[in-house]
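K.L.:
Got a structure for you, written out below as structure tokens; questions coming shortly.
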Amino acid sequence: MKYIFIILLTIAIIVTGIFLPYIHGDYDNFAVGLSYIFQFALFASLLFVPTGLIWLTLNFTIGRNTPTVKYSPYFKKITLIIATIIVLATALGAFASNNRFPAIIILGGGIFLFTFRKKIKTLFYVSDNIKPYYFIFIPLAVLVIRMIFLETVKNKTTDYVGLAV
């Protein structure tokens, strides 16, 4: 139950970040920057989906009760490479929205996380049987929500602006 809550909370935070510029109020350059950052990270995180599907398939074929030592180190290395790509894409999103300071913070935070990843891993331990679900459901759910609702939200906000003038 805890893992489902974490997945739903993560999806809610990312979706909120993506749709933040379309909330009623004055134009907010920071909200636009956050939206770019979250969207660049979303599209880069789609690389996790095939990795999660392969990992999940191996969990089902080998069995949950057997140790996954044979393939786990490979997936950890692949995950680290994909996480590096996501950090770089997120920094590119910040840079594309003319937010150089958040781009520097994201790169610095990424370097910090990669440097101390073993200590952080002990704080936020997730079982190897659960990680594939994170890799599959979070990027796909956020992508589906973005694809379905972004045009509608854009149209609603531009209609509102047209009526307010």
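A short reminder: the numbers here are calculations on the coordinates, not readings from a lab. Just so it is clear, the model here is predicted, and its values are computed rather than measured. Note that we place each Cβ from the backbone using ideal geometry, even for glycine, and neighbour counts take in every protein chain shown.
K.L.:
For volume of the Cα convex hull per residue in Å³, the choices are (i) 103; (ii) 127; (iii) 114; which was calculated from the structure?
P.N.:
Label of the calculated value: (ii).
K.L.:
While we're on this one: List, in order, the whole-Hz ³J(HN,Hα) value for each residue of segment 126-139 obtained from phi through the Karplus relation with A = 6.51, B = -1.76, C = 1.60 and θ = phi - 60°; use x for Gly and Pro.
P.N.:
10, 4, 5, 7, 9, 3, x, 5, 4, 5, 8, 6, 5, x
K.L.:
Something else now. Please turn the phi angles of segment 41-46 into ³J(HN,Hα) values with the Karplus equation 6.51 cos²θ - 1.76 cosθ + 1.60 (θ = phi - 60°), one per residue in order, whole Hz, x for glycine and proline.
P.N.:
Karplus values, whole Hz, x for Gly and Pro: 5, 4, 5, 6, 6, 5.
K.L.:
Something else: With a cut-off of 8 Å between alpha carbons and a minimum separation of six or more residues, what is the relative contact order of the chain in percent?
P.N.:
Values: 135 pairs, mean separation 58.4, N = 165.
Taking the mean separation of contacting Cα pairs over the length of the chain, I get 35 percent.
K.L.:
With a 10 Å cut-off between alpha carbons and a GNM built on the chain, which of ILE37, ILE62, ILE18 moves the most?
P.N.:
Largest GNM mean-square fluctuation: ILE62.
K.L.:
So, one more: Dipole magnitude of the chain about its Cα centre, charges +1 at Lys/Arg Cβ and -1 at Asp/Glu Cβ only, in debye to the nearest 20?
P.N.:
Values: 14 positive and 5 negative charges, 181 e Å.
That gives the chain a dipole magnitude of about 860 debye.
K.L.:
Set Lys and Arg Cβ to +1 and Asp and Glu Cβ to -1, take the dipole of the chain about its Cα centre, and tell me which of PHE135, ALA41, TYR22 lies farthest positive.
P.N.:
Looking along the dipole axis, the top candidate is PHE135.
K.L.:
If you don't mind, another one. Please give every one of the lysines within straight-line cross-link reach of LYS77, meaning a C-alpha to C-alpha distance under 20 Å, and leave out same-chain neighbours fewer than 8 residues apart.
P.N.:
In chain and number order, the partners are LYS118, LYS119, LYS121, LYS131.
K.L.:
Under a straight-distance cross-link criterion of Cα-Cα below 16 Å, which aspartates and glutamates are reachable from LYS154, leaving out those fewer than 8 residues away in the same chain?
P.N.:
Of all the aspartates and glutamates, those that pass the test against LYS154 - Cα under 16 Å, at least 8 places apart if same chain - are ASP26, ASP28.
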